[in-house]
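One structure below.
The values are calculated or read from the model by the stated rules, or taken from the named source; none is laboratory data. Everything numeric here is computed off the predicted structure, so don't read it as measured data. Cβ placement follows ideal geometry from the backbone for every residue including glycine, while neighbour counts extend to all protein chains displayed.
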Amino acid sequence: MPAGIVPREAERRQQPAWRLLLDRPTFVIGAAILLFWIVCAVFGTAIAPHNPLAQQLLATNMPPSAAHWFGTDQLGRDVFSRVLVGARTILIIAPLATLLGTVLGTALGLALGYLGGIVDMLVGRLVEAVLALPAIVVILLFVAALGVSTITLILVIGFIFTPLIARTVRSAVQVEGQLDYVPAARLLGERRGWMMFVEILPNVFPTVLVEFTVRLGYAIFTVATLAFLGFGVQISTPNWGTDIYSNYVLLGAGYWWETLFPALAIASLIIAINLVADSVEQVLAG
Amino acid sequence: MAIYLLRRLGLAVITLWLLSVIVFFAGQVLPGNPARSILGPLAAESAVKALDHQLGVDRPLITQYFSWIGGTLHGNLGESYQYQSPVEPLLQAALVNSAKLGALALIVIIPLGILGGVVAALNAGRPLDRIISLTGLSAATVPEFVSGIVVITIFSVELKILPASAAAPAGSSFLTQLRYLILPAIPLVFVLFGYIARIARAGTIEALESDYVRTATLKGLKRHVVIWRHVLRNSLLPTITVIATQTGYLIGGLIVVETLFNYRGIGNLIFHAANAKDFPMLEAGVLTIGVVYMVATLIADVTTTLLNPRLRTGVIR
């Protein structure tokens, strides 16, 4: 009976978003890989079979073996342990930078989309100007000028992401502005701040969430690329991009394992985040 | 039409001006004291002052900006700190090299991306579509140096069939140069494939659902005729625009790829300038990239407008 089917169909749609996510194999795979790297970032030193910093100068550039699954690097350090522990740096910088960019970008996007007018136009031009350059070029310019530190990387990447996220949120806000509830609330005499953050924000939140997950992938991309270019945070803990930066010249000599394994680690983390982001986008889009 | 072009050009000029302000700010204001960073912490204060004066950085910021932008507009991009020679010849040579690499990547990627997108659209919702879309998305967000390392490991280190460096010996033939550029082009192709395929897919799906395609199908045209004559023509239009906007990402990728493959292009130039804190070179390089990008977008916008009469009077996006 149709009467019996319709509610069940509706019920299925009413399921919480996380249940729908768990139904998707892409999400489960992505989340599993992501979880693995988070565990490594938190407990890396405890899991790693060797001390990632211990040098064995008699066993440098050894190919993968039973003792050293991913071989050893030019200082004789265990590459497998360095890959496990190396998840930490990138998983601290990238999410914080993305969070900063998302918070600022959402606030800016709300203001631009809701208030409109001359400010919207001016900021729009500024955003265009920043977008006329590949993000990595702008970030490189600022990082070269300011020097490298965890805080600088977070701030620079966060600020560069701000206009990009603002642009997306702005168009979502403009769509909301045409819906009936906005003039209705305005007729009730709500203030601008209330309108933006209490009335409109919850309705554009899915857009913000998708934007966050997608940008997180780009943040990882950016942090890794900067480290590869020699602009990685110089601290004693291993770092994938920096490990590649210091070992890739040896690729030509045939020592591929010291470079390839950190590279694959970066690729797996980014692909995992993409799988998660794609699933979130599909579920929220209905 | 003329008014549209003029407005478009005007906006491009404003954007370029803003870009120059951003670049000036990052390159000349943020680094603080250029003479001190050139001479090092042990140099005498008088020497630092003298060099500051020689570099002109002791003048007010506004004066500095106008003399910098004035020089730039006259083609005088200043003198590189690291090479102690004018920036232009170095920049020009690098730009030519990058253009070769970029052109090769685009020649491969445009047909490939469009093909991927169209195939995905024709199989919309089926596993093949999901595979193409997710592969594209992943390839687009894996950093160029990661895919670069993978292809070097496979084709250069293990199979030994292609060189790991992009710099062909001086005076080598076109085919030799091409052989050296194959591996570096692959990471760039990876990064762009996803974007182009995605837009081509969206355009094709939209065209497939349109009334004119239904009419063409209903009047009995064969499927491949409908696709070639009606779907593709309309779906490729938005793809042109995207290809132009992606040149920016292509150039961003050049920094990494040229560094990895040791190729003397504009990306490598910017990379070395950033490392050496050679700000005149860095600013000139970044500004050049901005100009190239603006010109590419402008050409794309004009082409799209010329091809699609409906947009000629439309609002500027």
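Quick grid of which residues meet (1) outside any helix (DSSP H, G or I); (2) within 16 Å of the chain's Cα centre (by Cα); (3) more than 22 Å from B:TYR249 (Cβ to Cβ):
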position: A:GLN74; (1), (2), (3): yes, no, yes
position: A:GLY105; (1), (2), (3): no, yes, no
position: A:VAL123; (1), (2), (3): no, no, yes
position: A:LEU155; (1), (2), (3): no, yes, yes
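Selection over the range A:136-152 of residues that are more than 7 Å from every other protein chain (Cβ to nearest Cβ) and either part of a helix (DSSP H, G or I) or surrounded by 21 or more Cβ atoms within 10 Å (Cβ to Cβ) (or both) gives a count of 6.
Looking only at residues in the range B:67-107 that are in a helix (DSSP H, G or I) and either exposed (fewer than 13 other Cβ atoms within 10 Å of the Cβ) or of a type in the set (Lys, Arg) (or both), the one that is nearest to the chain's Cα centre (by Cα) is B:ALA103.
Residues that are touching a His at 6+ places or on another chain (Cβ under 9 Å) and assigned to a loop (DSSP other than H, G, I, E, B) within the range B:198-249 comprise B:SER210, B:LEU221, listed in sequence order.
When we screen A:PHE205, A:PHE142, A:PHE228 for residues that are within 20 Å of A:LEU269 (Cα to Cα) and without any contact (Cβ under 8 Å) to a residue 40 or more places away in the chain, the only hit is A:PHE228.
Can you confirm whether B:ARG130 is within 11 Å of chain A (Cβ to nearest Cβ), farther than 30 Å from A:TYR248 by Cα and out of contact with any Leu (no Cβ under 7 Å at 6 or more places or on another chain)? Break it down stepwise before answering.
Numbers: within 11 Å of chain A (Cβ to nearest Cβ): yes; farther than 30 Å from A:TYR248 by Cα: yes; out of contact with any Leu (no Cβ under 7 Å at 6 or more places or on another chain): yes.
The answer is yes for B:ARG130.
Count of the range B:182-205 residues, restricted to those that are within 25 Å of A:GLY241 (Cβ to Cβ) and either in contact with a Pro (Cβ under 7 Å, 6 or more places away or on another chain) or of a type outside the set (Val, Ile, Thr) (or both), is 10. Just one of the listed residues (B:LEU236, B:LEU250) is more than 14 Å from every other protein chain (Cβ to nearest Cβ) and in contact with a helix residue (DSSP H, G or I) (Cβ under 8 Å, 6 or more places away or on another chain), namely B:LEU236. On inspection, A:ALA111 does not qualify as among the small types (Gly, Ala, Ser), more than 14 Å from every other protein chain (Cβ to nearest Cβ) and free of Cβ contacts under 8 Å to residues at least 40 places away in the same chain. For the range A:117-132, the set of residues classified as out of contact with any Phe, Trp or Tyr (no Cβ under 7 Å at 6 or more places or on another chain) and either touching a residue at least 12 places away in the same chain (Cβ under 8 Å) or at the interface with another protein chain (Cβ under 7 Å from one of its Cβ atoms) (or both) consists of A:ASP120, A:VAL123, A:GLY124, A:ARG125, A:LEU126, A:VAL127, A:GLU128, A:ALA129, A:VAL130, A:LEU131, listed by residue number. Within the range B:68-85, residues that are over 16 Å from B:ASP278 (Cβ atoms) reach partners that are surrounded by fewer than 18 Cβ atoms within 10 Å (Cβ to Cβ) with beta carbons closer than 7 Å, at six or more positions or on different chains, in the pairs B:GLY75/B:GLU88.
Of all the listed residues (B:ALA140, B:ALA121), the sole one being touching a helix residue (DSSP H, G or I) at 6+ places or on another chain (Cβ under 6 Å), within 14 Å of chain A (Cβ to nearest Cβ) and in a helix (DSSP H, G or I) is B:ALA140.
Out of curiosity, is B:VAL48 surrounded by 12 or more Cβ atoms within 10 Å (Cβ to Cβ) and away from chain A (no Cβ under 14 Å)? So B:VAL48 passes the test.
So for the range A:219-230 (the condition being within 22 Å of B:PHE155 (Cβ to Cβ) and either over 16 Å from the mean Cα position of the chain (by Cα) or surrounded by fewer than 24 Cβ atoms within 10 Å (Cβ to Cβ) (or both)), does at least one residue qualify? Taking every residue of the range A:219-230 in turn, at least one turns out to be within 22 Å of B:PHE155 (Cβ to Cβ) and either over 16 Å from the mean Cα position of the chain (by Cα) or surrounded by fewer than 24 Cβ atoms within 10 Å (Cβ to Cβ) (or both).
For the range B:146-187, the set of residues classified as away from chain A (no Cβ under 12 Å), of a type in the set (A, V, I, L, M, F, W, C) and outside any loop (DSSP other than H, G, I, E, B) consists of B:PHE174, B:LEU175, B:LEU178, B:LEU181, B:ILE182, B:ALA185, B:ILE186, listed by residue number. Just one of (1) away from every other protein chain (no Cβ under 14 Å); (2) in contact with a helix residue (DSSP H, G or I) (Cβ under 8 Å, 6 or more places away or on another chain) fails for A:PHE205. It is (2).
Screening A:LEU155 with (1) at pLDDT 85 or above; (2) buried (at least 19 other Cβ atoms within 10 Å of the Cβ); (3) over 22 Å from B:ALA12 (Cα atoms) gives one miss only, at (2).
Could you tell me whether any residue of the range A:172-191 is part of a helix (DSSP H, G or I) and modelled with pLDDT of 85 or more? The answer is yes, given that some residue of the range A:172-191 is part of a helix (DSSP H, G or I) and modelled with pLDDT of 85 or more.
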